[in-house]
Each structure stands twice: as C-alpha cells, then as structure tokens.
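First comes the structure, then the notes that go with it.
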Amino acid sequence: MPVHLPTADREFPLAPPITASAWLNTPTPIALDALRGRVIALHAFQMLCPGCVVHGIPQAQRLRDAFAGEGLVVLGLHSVFEHHAVMGPDALAAFVHEYRLDFPIAVDQAVPGSEIPRTMQDYRLRGTPSLVLIDRGGRIRADLFGRPDDLRVGALVGRLLAEPTASPSGAPAADTGKGGAAGEGCDADGCRVG
C-alpha cells in the first residue's frame with residue numbers, strides 16, 4: 001500500500017463535525033470539539049460491506065483494545081451509500097449487538113436527493129471501510145481507505161499520541177489510503193463510492 005506524504009507547507013484541516021441522525025452505545029451525542037486533547041480514530045463502515053466486516057471493524061476493535069487508557073477514542077460512523085432499504089436502524093442495532101461493538105457509533109445523516117450521507121460528504125470519504133485519524137488539536141492527520149496494515153495504523157496512532165496536545169498544523173502525516181478515482185462495487189478490501 002503506497003504512503004502519500006503531504007507537502008511541508010500543507011495545513012491539516014480541522015475535522016468537520018459528525019452529523020448523525022442517531023447514536024448507539026452512548027447516552028448522548030458526541031461532539032468532536034468535546035474530545036480535543038485526545039486522538040480520535042473515526043471508523044466509517046457499512047454493515048453489508050465485506051471489507052468492513054472482515055477487516056475494518058475488527059481493526060477498530062483492536063485499536064480500541066490496544067490503546068485503551070492511552071488517550072485514543074474510537075468512534076464508529078455507519079455511512080450507508082448503498083442498499084439503503086436493508087441497512088436501517090433496527091438492522092444496525094442488531095448488527096452492533098451480534099458483533100459486540102461497544103464503542104460509540106454515529107448513524108450518518110441522510111442527505112435528501114443524495115446517496116452519500118452528510119458526514120461522508122463532509123470528510124470526502126472514498127468508500128468503506130475508511131479510517132480517519134484526528135489529532136489532539138482536532139485536525140485530520142490521516143484518511144485511510146480499504147485495508148491499511150495494522151502495524152502502520154498502530155505506528156500512526158502511536159505517533160499522534162506522542163505529540164503534544166497542540167499539534168503542529170504543518171507536521172508531516174501519512175495518508176496510506178488507496179488513492180485514485182472512486183470505482184463502483186465491493187471487493188474484499190471494501191466498497192467504493194460509485
């Protein structure tokens with residue numbers, strides 16, 4: 001998987017808010033601003049995406065387990081851009097229960113007239129699974145699509161956890177996601193926005 005490093009003069013954008021129609025595994029909605037000072041791993045998935053079920057969701061769980069108590073917050077984002085009729089709230093609740101997902105999960109807000117939900121649009125995600133790493137200052141430091149290697153993701157998270165609370169806006173970061181134009185359909189690595 002290629003590593004794409006930004007230029008030194010590039011500033012990292014502030015993470016947009018999560019726009020959710022509902023939340024699971026939390027009594028109240030979570031605002032990213034309230035998590036400043038912590039590193040966030042935002043995992044976007046669809047419950048019918050093979051790459052999400054086989055790789056993305058287990059990776060999110062491993063991240064949560066590996067960095068528990070070290071300042072990492074894992075959030076799920078159920079971003080449905082296909083098969084809308086069968087991935088409703090009741091099905092998602094059953095899925096979360098059966099897969100024993102216990103980290104907070106936002107249900108991405110539908111956008112009238114668009115297949116792509118709001119937060120997925122705001123983050124310009126390329127498909128599912130996607131993993132967005134947000135530093136302690138609330139800036140997007142990595143946007144990973146598909147199957148990023150666990151060791152590489154762990155190294156990125158460790159590097160972000162080791163940074164001071166106010167991260168530099170121009171420090172190098174890695175985007176190890178698969179680049180290129182969005183295609184259609186799902187494969188073993190994930191489901192691209194089409």
Percent antiparallel among DSSP beta bridges confined to region 20-192, nearest 5, equals 65
Shape descriptors of region 21-89 over alpha-carbon atoms, Rg and Dmax in angstrom, are 13.2, 39
Taking only the Cα positions of region 20-192, the convex hull volume per residue in Å³ is 118
Please list the non-local residues whose amide H lies under 5 Å from the amide H of Gly190, H modeled 1.01 Å from N, same-chain partners needing a gap of 5 or more.
Gly51
A correct Stokes-Einstein calculation for region 74-157, using the alpha-carbon Kirkwood radius, 10 °C and 1.306 mPa s, returns a whole-number D in µm² s⁻¹ of 111
Under-5 Å amide H pairs with Gly138, H placed in peptide plane, nonlocal only
Gly37
Put in order of increasing Cβ neighbours within 10 Å, starting from the fewest, Met47, Met120 give Met47, Met120
Evaluate region 51-90: find the radius of gyration of its Cα atoms, find its Kirkwood radius, and give the ratio Rg to Rh.
1.09
Counting Lys and Arg as +1 and Asp and Glu as -1, what is the net charge of the other residues whose Cβ lies under 15 Å from the Cβ of Arg36?
+1
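The numbers here are math on the coordinates, done by the rules we state, and not lab data. The shown structure was predicted, so the numbers you read here are calculated from the model rather than taken from an experiment. In this analysis, Cβ positions are derived from the backbone assuming ideal geometry, glycine residues included, and neighbour counts consider all displayed protein chains.
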